[in-house]
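These notes are about the structure you will find just below.
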Amino acid sequence: MNDTLSNLRLRVPQLWVNPVLAPVDSVLPHLPVQYDHMVDADNRLRRAGQLFTTLFPDAELDNGLIESPLLKVDSLKKVLGCSGNLYIKADDSLPVAGSVKARGGVYEVLLHAEQIALQAGLIAEGDALTGLASEACRRHFEDYTISVGSTGNLGLSIGIMASALGFACVVHMSADAKEWKKKRLRDHGVTVVEHAGDYASAVERGRLQSAADAKGIFIDDENSLPLFLGYSVAALRLKDQLTVAGIAVDKQNPLMVYIPCGVGGAPGGICFGLKHVFGDAVHCFFAEPLASPCMLLALASAQKEFSSVYDIGLDNKTDADGLAVAAASPLVSSLVRQLVSGIVTISDDDLYRHVYRLKITEGLEIEPSAAAGFNGPHFLLHSEQGNAYLRQCGIDHSATRMTHILWTTGGSFVPEEERRRFEARGKRLLTE
Ligand SMILES: *Cc1c(COP(=O)(O)O)cnc(C)c1O
């Protein structure tokens, strides 16, 4: 812990390996959420396929599914010097919200809408969820206000889904939120409240305001099982995509996944799902900016002596706006404590370098947050900590064929001008 902590304080990028990672058989049965909960979430989203097609006629849905492609990225692989297979799970292009938040955010709003409509007798149990788009439902939903605190992307996801169904919607944005994300929401008729403080204070203000409203529904990103389960379904979808790609996942063919982490819900839900689907053959690494390593701090300081990254002298100021979170979700950190293999930290300069690299090698355009995991394979394969981890898992470099997946979590909605700025900065840094 001492080295880990001094690296955090000194802002030295690192791979932290989780000392309490345990076999799935000894962890998953004891968690308060189970495989069936994830399947239930997946089924509900599938039942909503026709609804999504109705609500979002312009979105490119796969049979009503809000899903992203799995891309083989051999040119990037060469540049990163990574052995084995390298893929990108391209949630930057998730329809409807343009980020990983589409699965969780859309799912939780759907769940509330279904419950409210059932209670009001507007739909019956087992009905197709298309009914939620009826005029009667819309008029009923108008009386309810859904609110959420966000650094940007969760607000987009919730705001777009809530307003599409007719709910009033208030998004409390932290100071980190980008102007264009606020504008996009206002264009959807969502009320955006700007806060001078950080993500946690925006969430707190939203929570208080919503509690004062009898028809207020607060989506609590710091403490939400529905969000977590909505995110988890990505694992079931990935399983099918790997099968189609002909990629086996087992002891001889381990799967290494690198997922950007903010408050923890998205990477936590995905990790939970992947562990159910692939067991101990999948190894989940989270990725955080040097200024906001909140999950690393929560997991590495088991005695909870630090409540946020401010307590160790960090400022939580990063261009990875989606990851600018000073304190991890206590719910998620407790759920993944023994499931996550490790956490890598990354500088903002490296985020920009990777954004540019990905653009020139594969033509893909992502936001800086989405590149947080890109140093992961290098750390795992070439650092002392990484090699110790592989040895400890009995993974022999020469005898196994690893598949690495970089989870690119956001970017397709980023305005052109902003993208050009990201790429110019990355190019400058790479050629310096
Ligand atoms: C929100 C977000 C994440 C991380 O999700 P959390 O649930 O906050 O951990 C990663 N990448 C992007 C682009 C995001 O918007």
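The values are calculated or read from the model by the stated rules, or taken from the named source; none is laboratory data. In this text the structure is predicted, and so the values were computed from the model without any measurement. Every residue, glycine among them, receives a Cβ derived from its backbone with ideal geometry; neighbour counts consider all protein chains shown. Calculation scope for accessible area: heavy atoms of the full protein, side chains included, ligands and nucleic acids excluded. Shrake-Rupley method; radii C 1.70, N 1.55, O 1.52, S 1.80 Å.
The set of residues in region 236-269 being buried (at least 24 other Cβ atoms within 10 Å of the Cβ) and farther than 28 Å from ASP348 by Cα consists of LEU238 alone. Of the residues making up region 394-412, those that are part of a loop (DSSP other than H, G, I, E, B), open to solvent by less than 30 Å² (accessible area, probe 1.4 Å) and more than 16 Å from the ligand (Cβ to nearest atom) are ILE395, THR400, MET402.
Taking the condition in contact (Cβ under 8 Å) with a residue 24 or more places away in the chain and not hydrophobic (A, V, I, L, M, F, W, C), does ARG401 pass? Judged against the criteria, ARG401 is a match.
Do the conditions hold for ALA211, that is, is it closer than 23 Å to VAL263 by Cα, at pLDDT below 95, over 26 Å from the mean Cα position of the chain (by Cα) and surrounded by fewer than 15 Cβ atoms within 10 Å (Cβ to Cβ)? When the stated conditions are applied, ALA211 passes them. Scanning region 319-342 finds no residues that are surrounded by 17 or more Cβ atoms within 10 Å (Cβ to Cβ), under 28 Å from ASN253 (Cβ atoms), without any contact (Cβ under 8 Å) to a residue 60 or more places away in the chain and within 15 Å of the ligand (Cβ to nearest atom). Number of residues in region 50-98 that are within 16 Å of the ligand (Cβ to nearest atom), in a loop (DSSP other than H, G, I, E, B) and either among the polar types (S, T, N, Q) or open to solvent by 20 Å² or more (accessible area, probe 1.4 Å) (or both) equals 1. Taking the condition among the hydroxyl-bearing types (Ser, Thr, Tyr), modelled with pLDDT under 95 and more than 19 Å from the chain's Cα centre (by Cα), does SER412 pass? Considered against the rule, which asks whether it is among the hydroxyl-bearing types (Ser, Thr, Tyr), modelled with pLDDT under 95 and more than 19 Å from the chain's Cα centre (by Cα), SER412 comes out as no.
For region 357-386, filtering for residues that are open to solvent by less than 40 Å² (accessible area, probe 1.4 Å), away from the ligand (no atom under 16 Å from the Cβ) and not hydrophobic (A, V, I, L, M, F, W, C) leaves 4. Comparison of ASP74, ASP91, ASP42 shows that the only residue that is more than 20 Å from SER412 (Cα to Cα) and under 23 Å from the mean Cα position of the chain (by Cα) is ASP42. Only a single criterion out of (1) without any contact (Cβ under 8 Å) to a residue 60 or more places away in the chain; (2) more than 16 Å from the ligand (Cβ to nearest atom) is not satisfied by GLY155, namely (2).
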